[in-house]
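Notes follow the structure.
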Amino acid sequence: MSESGIRTEWWASENFWRKCAIFVTGFMALVLVLLTFHTLTVIEAGSEAGRVPAYAVINHRIGYVMDDDKRRMVPVIGPVAPLFGEELTEAEAMALVDHGKLTVQARNCMNCHTILGNGAYYAPDLTKAWLDPGWGNEDARELLMTMFLKDPPTNARTYGTGRRMPNQELTDDEVRAVIAYLKWMSAIDTNGFPSGFKPLPQGSLTPPAAAAPQSRAGASRALGTSPPLAQPRRPSTKSPPPLTSAAATGLSMRGAS
Amino acid sequence: MKIGKINYSELSTAQQLSVKYFTVAMVLFLAQLVFGLIAAWQFLAPDFLFGVLDFNVNRMVHINAMVVWMLYGFIGAIFWLVEDESGVPLVGVWIANATFYVLTVAVTIVVLVYLFVQSGPGDAWTLWLINEGREYIEAPRWADIGIVICMVAFFYNVAGTFVAGRWSGISGVLVLDLVALAGLYLAGMFYTTNLPMDQYWWWWVIHLWVEATWEVLVGCIMAWGLIKTLGARRRIVTTWLYVEVALMFGSGILGLGHHYFWIGTPEYWLGIGGFFSALEPVPLVAMVVHAVYDAGRHHFRSSNHPALAWLIAHAFGNFIGAGVFGFMQTLPQINLYTHGTQWSSSHGHLAFFGAYTTIIVAFIYLTIQRLRGDVWMSSDIQGGWRWKWSLALLHVGMVGMSMALLIAGYEQSFVERAMGGSTWQAYFEGQTQPWFIQAMWWRMVFGVIMTAGLVLLLVDFVKIGAGDTRPIQAVAASDAVEDAAQPAGAVAKAAGGG
């Protein structure tokens, strides 16, 4: 510990700090691994914790409301409101959401948009895209989202920035899948991010009395594989409208640039 | 060795590899700035190259070029010090050379595919062949596998050389850190439908690289650099390195939690992430103290002024860019409003530059000094205005950009997030505020200044030391207790035993 007669205190010695470095690194890595094991069980889709919903959540109306206990916003799973009018099993829903996520990655969406707040800052965050008031109301939403994704430059709402989304040449299947992915994403409990968000007007979030009893407080538990999600009613009442008919309806985007 | 001339053929193979890696790194650095400028201009003129080179392509090349050139820079720096630090020639020369060419060809193909194919259908093939669509690690899966193989080969070269020669505190930390760095990359090499799961592991790569293993890596490089440029005492430098490792991993590993606030992960990450990431600046303060102490202890008398200047710039840049700018938005109470705004972009720019660009540039100056036959690089360098002006322009440009983006981030946090409730309309209201638009203009102006600085820097790399006949200034340690037996006047060759 000493050189040329200069004594080094133990707390300033190389040996002490080497041991410190090894111990601290090992301990922190261990804690991270233990926390990771726990977190991975919590964020399993449809797990009991209810933070990440089962994929069949896209069969339901989804809300985003202030939780009075937590004093932050939480997603709420409402009554059955199937995407494109077609109820899906958990496996079908997962396949659809999976296709949507693959499409979002393949088209490199994250280098303009943010997803759960991560990505680039050239275009709006997609965390609550499904609930954005820009779609007007829930009756017009699926049609408007479809139209927009099929031809973004024409249907762009740039609010004066001039920034348009390039046409990603999405197929009809990819459009449906991306919308399903966005709907599922909007039901993830993100600890209140984004804060103060005002969703578009929707119908009641309270399920009919016959369905699973859900209060707002109990909603987070309902995100799991509770009966309403696991037992879709089949067959669906109607087949989804062909995408090409969207433009023919003459519905215009609210606040077009 | 002919002083003032190019002595490439007289360098060892490891040193020649450094020159190669640094050369590619600088080409990619220039590419990073060019694509950054295009992307910045698209904020101001959105129709520019619309449908040809869209923002997402430019931005992807911008950040990927950065990640890759910094990795090239680190590899170059490690090849530069490995023989000196181990005392023996590089092990596996053939493999090391092959790795360089394989890696460089792979990087070239990836970039060409980014530019000319850009995207693909929504299936697994696109992720395997074109792009994975995950920020920072977009490289397709085939390239991931190639990168891992190259990293294993590189690890064999480095660890094998230390095994064949001697170990030191610096090399021990370095080798263990490389294991962690390469291993973490695997966490980013899978696909899952579950978005929170995806982002959970994605941050293992991004955060545990940038805010943990990369920082420790540059700590090792810095330690060696201070011994070389100043003749700092190895025992003190090594002790400091251990202190930094303890503090860096002590705060940075769980500091990972600041990326787990809003991605669907449990609420306990708010507390853990907030607490530990708030401590992350502490090791960076230690690094500043360390560098300034050593420089002052040796009266700033160094064998390589540009390298020392960039090492000092690293110490401060790391602390301010990574430490202060990161701390500003790391607590969840503020991050709720700043997450995903230009605030993050401001921090990202200053942190990557301050922490990593600076130290790689410092190392390139050390390399060039040797390449020019151990030429004089202390006071009164011929054409010395070039390195000073390029340093100044790069810093003015970067600080200016970061400040402009910070102002844009403040504005975005208030207008879009706090007032507007983060709807798309609120987003665009934020983007059209005069303050935001002005900030985008200033970012563009400072980006051009920075690019001018880089061009001057590259010119200086070619010209510095050329034609000078003065030999390197000796920086024999001023401490009587110096423990390394360094032959006076040959600092660049000094092995510095532990």
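List of remarks:
- Within straight-line cross-link reach of A:LYS70, lysines at Cα separation under 20 Å, skipping those fewer than 8 residues along the same chain: A:LYS128, A:LYS198
- 19 Å Cα-Cα reach of B:LYS388 towards lysines, excluding residues that sit fewer than 8 places from it in its own chain: B:LYS463
- Simple label model, 7 Å out from Cα along Cβ direction - B:PHE116 to B:VAL179, nm: 4.3
- Derived scalar couplings ³J(HN,Hα) [segment B:337-346; Karplus, 6.51 cos²θ - 1.76 cosθ + 1.60; whole Hz; x for Gly, Pro]: 9, 9, 4, x, 10, 4, 4, 4, 5, 4
- Overall dimensions of segment A:2-41 by Cα: Rg and Dmax, Å: 17.0, 57
- Taking N as the residue count of the protein assembly as shown, its C-alpha radius of gyration divided by 2.2 N^0.38 Å amounts to 1.01.
- Residues whose amide H comes within less than 5 Å of that of A:ASP125, counting only those at least five positions distant or on another chain, are A:THR114 (H built at 1.01 Å from N in the peptide plane).
- Taking Cβ atoms as reference points and 14 Å as the exclusive limit, the residues near B:VAL396 contribute a net charge of +2, counting Lys and Arg as +1 and Asp and Glu as -1.
- Working ranking of peptides B:17-24, B:364-371 by packing, defined as the average number of other Cβ atoms within 10 Å per residue, highest first, is B:364-371, B:17-24.
- Neighbouring Cβ atoms from other chains, within 10 Å of the Cβ of residues in A:120-131, number 6 on average.
- When the charge dipole of chain B is built from unit charges on Cβ atoms (+1 for Lys and Arg, -1 for Asp and Glu) and taken about the Cα centre, the candidate among B:PRO434, B:ASN7, B:GLY296 whose Cα reaches farthest toward its positive end is B:ASN7.
- 3J(HN,Hα) along segment B:191-206: 10, 9, 5, 6, 4, x, 4, 4, 6, 4, 6, 4, 5, 4, 6, 5 Hz, from the Karplus curve 6.51 cos²θ - 1.76 cosθ + 1.60 with θ = phi - 60°, whole Hz, x for Gly and Pro.
- Pair B:LYS5, B:MET403: separation of 7 Å Cα→Cβ label points (nm): 4.8
- Radius 14 Å from Cβ of B:GLU416, net charge of other residues (Lys, Arg +1; Asp, Glu -1): -1
- Residues in segment B:235-251 carry Karplus couplings, in order, of 4, 5, 4, 5, 4, 4, 4, 5, 4, 5, 4, 4, 6, 5, 6, x, 9 Hz; the curve used is 6.51 cos²θ - 1.76 cosθ + 1.60 with θ = phi - 60°, and Gly or Pro positions show x.
- Size of charge dipole - chain B - debye, nearest 20, with Cβ of Lys, Arg +1 and Asp, Glu -1, no other charges: 1340
- Net charge dipole, the protein assembly as shown: roughly 960 debye, given to the nearest 20, about the Cα centre with Cβ charges of +1 for Lys and Arg and -1 for Asp and Glu.
- Over all directions, the projected convex hull of the C-alpha atoms in segment B:8-474 averages 21.2 nm² in area.
- Counted by neighbouring Cβ atoms within 10 Å, the residues B:GLU10, B:GLU138 run from fewest to most as B:GLU10, B:GLU138.
- Take the Cβ atoms of B:ARG297 and B:ARG470, set R0 to 22 Å, and the FRET efficiency comes out at 0.30.
- Summed side-chain charge close to B:LYS5 - residues other than B:LYS5 whose Cβ falls under 11 Å, Lys, Arg +1, Asp, Glu -1: 0
- Estimated 222 nm signal from helices in chain B, with DSSP H stretches of n ≥ 4 weighted -39500 (n - 2.57), rounded to 500: -22500 deg cm²/dmol
Taken together, the values in this text are just the output of simple stated rules run on the coordinates, not laboratory data. The model shown is predicted, which means the values in this text are computed figures rather than measured ones. Quick reminder, even Gly has a Cβ in these numbers, built from the backbone with ideal geometry, and neighbours come from all protein chains shown.
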